[in-house]
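Working notes, structure below.
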Amino acid sequence: MATVHSLAAVALLAILCSHGTLASDADLLQDFCVVDKTSQVHANGFPCKDAKDVIADDFFFSGLHMAGNTTNKQGSNVTNVNVAQVPGLNTMGISLARVDYASNGLNTPHTHPRATEILTVLEGSLYVGFVTSNPESKLFAKVLNKGDVFVFPQGLIHFQFNHGTSNAVALVALSSQNPGVITVGNAVFGSKPSILDGILAKAFQVDKNIIDRIQAQF
C-alpha cells in the first residue's frame with residue numbers, strides 16, 4: 001500500500017511539474033522566429049515566416065537618437081522598439097523604448113501586464129516610483145540622475161516625472177517582446193464605453209459631477 005501511495009505521489013508531482021512547465025514561456029526551438037505579417041493565423045504571439053525570406057532589416061530599427069515630441073498634455077513621449085517595430089523580436093522576450101520628458105513632463109501612472117521594466121536616465125533628473133499590490137499599496141520612489149538605474153516590477157503601477165528645469169531622456173528595457181501598457185487614467189476614466197459615473201463615484205468616494213468632469217478630459 002505504501003508503494004502505491006508513493007507512486008501516486010510521484011505521478012501527481014510529475015503532473016504538477018509538467019503543468020508548470022507548459023504554463024511558462026517556451027524556449028526557442030530555432031535561431032529566430034521573425035513575424036510573418038502576411039499570415040492569417042491567430043496565435044498567442046505571432047507566426048514565423050520562412051527562414052529563407054528573413055532579411056537583416058527584420059532585426060533592425062533606426063531612430064532612437066531622435067527626440068520624441070513632448071508637446072502634449074503630459075509633456076512626455078515614448079518611442080517603442082518592440083515586436084511591432086522589429087519583427088525579429090518575436091519570441092525573444094525583450095523590447096526597448098526611449099522616453100523623452102519636457103520640464104515638468106510626466107509619464108503617467110501605468111502598468112506593463114507582461115513585463116518588468118528597467119530604466120536608465122541618459123539626460124536630466126527624474127522622480128520615479130512604483131506602488132505595490134493590495135493591501136499594502138506601498139510607494140517605492142526615488143530621484144534619479146544621469147546614469148542612474150531603477151527597476152519597475154512586472155504588473156505594478158509606476159510613473160516617471162521630470163522635476164527639473166531642462167529636458168530629460170531615459171532608455172528602458174522590458175522583459176517581453178510585447179509588454180503592453182495600461183495607463184491608469186485612460187483605463188478608468190477613458191474606457192469605451194465609459195464606466196458608469198455612479199460606480200466610479202462610489203469607488204473614489206466623490207460626487208458624480210466630479211467623475212463627469214474627469215471623464216470629459218479623456
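What to note about this one:
- Residue count for segment 151-169 satisfying the condition of being at pLDDT 95 or above, more than 21 Å from Val188 (Cα to Cα) and in a loop (DSSP other than H, G, I, E, B): 4.
- Any chance Phe46 is modelled with pLDDT under 95 and more than 22 Å from the chain's Cα centre (by Cα): no
- On inspection, Lys192 does not qualify as assigned to a strand (DSSP E or B) and loosely packed, with under 12 Cβ neighbours inside 10 Å.
- Condition met for Ala187 (more than 23 Å from Ala102 (Cβ to Cβ), in contact with a Lys or Arg (Cβ under 9 Å, 6 or more places away or on another chain) and at pLDDT 95 or above): no
- In the set (1) touching a Lys or Arg at 6+ places or on another chain (Cβ under 9 Å); (2) surrounded by 15 or more Cβ atoms within 10 Å (Cβ to Cβ); (3) closer than 28 Å to Ser62 by Cα, the condition left unmet by Leu144 is number (1).
- With respect to (1) over 30 Å from Val35 (Cα atoms); (2) at pLDDT 95 or above; (3) crowded, with 16+ Cβ neighbours inside 10 Å, the lone exception for Leu174 is condition (1).
The values are calculated or read from the model by the stated rules, or taken from the named source; none is laboratory data. Quantities reported herein were computed from a predicted structural model and do not represent experimental measurements. Reconstructed Cβ throughout: ideal geometry from the backbone, glycine too, with neighbour counts over all protein chains shown.
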